[in-house]
Structure formats: structure tokens, C-alpha cells
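Everything below concerns the one structure shown next.
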Amino acid sequence: MGARHLALAPAPTEARPPRSLARVSAALRRPLHEVAELTGLTLATAGALVSLAGDEGDHVYGAVAVAPSGDGLAPGVARLCRRIVATAAPICAANVSIGSFGELGTFAGVPLTLADEHVAGALAVVAAPSRIWTPLDIRLLAGLAARAATEIQLALAESRDDQRAGT
């Protein structure tokens, strides 16, 4: 599972529209924050986050030490998370704007792929400009993303069960 290095560019417009995760947003807050925190600790990074693509915009969980901009994330980080969702592929990039004051750093992110192959979002980390992402880093990130995807699937299943039960 190799990650690609690329220049910042807009995500392709042919990406399929994301499924709404709004009905499970509150239920995901704690488990996804925990995944982001564990990811940051495991990879010893400056910041980690889970970004979910939704019909009403991106939902960010556990933005541990990631300086947000007005739209919830630094523009470079938000753009790369959307690109991961659109391409369903991991990305590593250098010289990414990771802070609201234009701080540059490195980025690594992987898709959060659900059992039905739908990409619900991205698990991403940012680090100092000198950080070089290794294949092991990307494998660890992918393993932690699988945990986040499981949390999303459990929340969606619980929501469906609640709807069937009329609660």
C-alpha cells in the first residue's frame, strides 16, 4: 500500500457524492477522537485527525494539535483529506499548510473505507517539515483507519436499528 506524493490541486469533480453521516455525528465524537489521539501517539506526530465527508460539509474529529482555520482545518490539510476521499487512496505530501498562520509541515493520510467500499473520510496526521513518512507509518495509519471505519459502521448500524425500532 504505497502512498503517493503530489502537488496540491483541487480534488477531481467526478467523485461520487458522500453519504450523510449527520445522524451519527454525536455518537462518533468520542470514539473518533480516541482514534485520532491514538494515531498521534502511535506515530509521534504534531497532530492527528479524522475527517468525515458529509452532505453538509466535512466533520472533523480529534484534531489533536492541528491548528484550524475558519472552515475547521488548515486549507492544505482539508484539501488533502477531500482528495483522499475522492481518490480512495493514501497520500503523503510535503510543504503543506498545516496551521492557520501558514506553518508548513508534512501530511500523511489514508481513506476510511467502509465494508461496502464507500470512503467515508480520511484519517490523517501532520508533522514537522523534516518528517519522512515510511511504508510502516502508512501501514500503521491504515490499521488505525480500519478501527475508525469499524466505529463508523457500528454507529450507522445502531442508528438503523433505532430507526427500525422507532426511537
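Against the definition (over 25 Å from PRO75 (Cα atoms), part of a helix (DSSP H, G or I) and out of contact with any Cys (no Cβ under 8 Å at 6 or more places or on another chain)), how does LEU136 come out, yes or no? Break it down stepwise before answering.
Numbers: over 25 Å from PRO75 (Cα atoms): yes; part of a helix (DSSP H, G or I): yes; out of contact with any Cys (no Cβ under 8 Å at 6 or more places or on another chain): yes.
Criteria met by LEU136.
Checking each residue of the stretch 153-165 against the condition of being touching a strand residue (DSSP E or B) at 6+ places or on another chain (Cβ under 9 Å), of a type in the set (Ser, Thr, Tyr) and in contact (Cβ under 8 Å) with a residue 12 or more places away in the chain gives no match. Pick from the stretch 16-25 the residues that are part of a loop (DSSP other than H, G, I, E, B) and surrounded by fewer than 20 Cβ atoms within 10 Å (Cβ to Cβ): which of them is modelled with the lowest pLDDT? Within the stretch 16-25, the match that is modelled with the lowest pLDDT is PRO17.
In the stretch 97-133, what count of residues is obtained for those that are farther than 18 Å from ALA74 by Cα and either out of contact with any helix residue (DSSP H, G or I) (no Cβ under 7 Å at 6 or more places or on another chain) or surrounded by fewer than 21 Cβ atoms within 10 Å (Cβ to Cβ) (or both)? Steps first, answer last, please.
Within the stretch 97-133, the first condition is being farther than 18 Å from ALA74 by Cα, and the residues that meet it are 111-120, 130-133.
Then drop every residue that is not either out of contact with any helix residue (DSSP H, G or I) (no Cβ under 7 Å at 6 or more places or on another chain) or surrounded by fewer than 21 Cβ atoms within 10 Å (Cβ to Cβ) (or both), which leaves 113-118, 130-133.
Of the residues in that region, 10 qualify.
Filtered by the rule that a residue be under 11 Å from CYS92 (Cα atoms) and touching a strand residue (DSSP E or B) at 6+ places or on another chain (Cβ under 8 Å), the stretch 128-146 gives ARG131, ILE132, TRP133, ASP137, ILE138.
Scanning the stretch 101-116 for residues that are touching a residue at least 24 places away in the same chain (Cβ under 8 Å) and closer than 30 Å to ALA155 by Cβ yields PHE107, ALA108, GLY109, VAL110, PRO111, LEU112, THR113, LEU114, ALA115.
Being more than 13 Å from VAL35 (Cβ to Cβ) and either in contact (Cβ under 8 Å) with a residue 24 or more places away in the chain or surrounded by 16 or more Cβ atoms within 10 Å (Cβ to Cβ) (or both) is the requirement here; does ALA94 meet it?
On the way: more than 13 Å from VAL35 (Cβ to Cβ): yes; either in contact (Cβ under 8 Å) with a residue 24 or more places away in the chain or surrounded by 16 or more Cβ atoms within 10 Å (Cβ to Cβ) (or both): yes.
Here the answer is yes, as ALA94 does meet what is asked.
Restricting the search to strands (runs of 3 or more DSSP E) fully inside the stretch 26-132 and requiring at least 1 residues that are at pLDDT below 90 and aromatic (Phe, Trp, Tyr) gives 59-64.
The values are calculated or read from the model by the stated rules, or taken from the named source; none is laboratory data. Just so you know, these numbers come straight off a predicted model, no measurement behind them. Cβ coordinates were reconstructed from backbone atoms using ideal geometry, including for glycine residues, and neighbour counts include every protein chain displayed.
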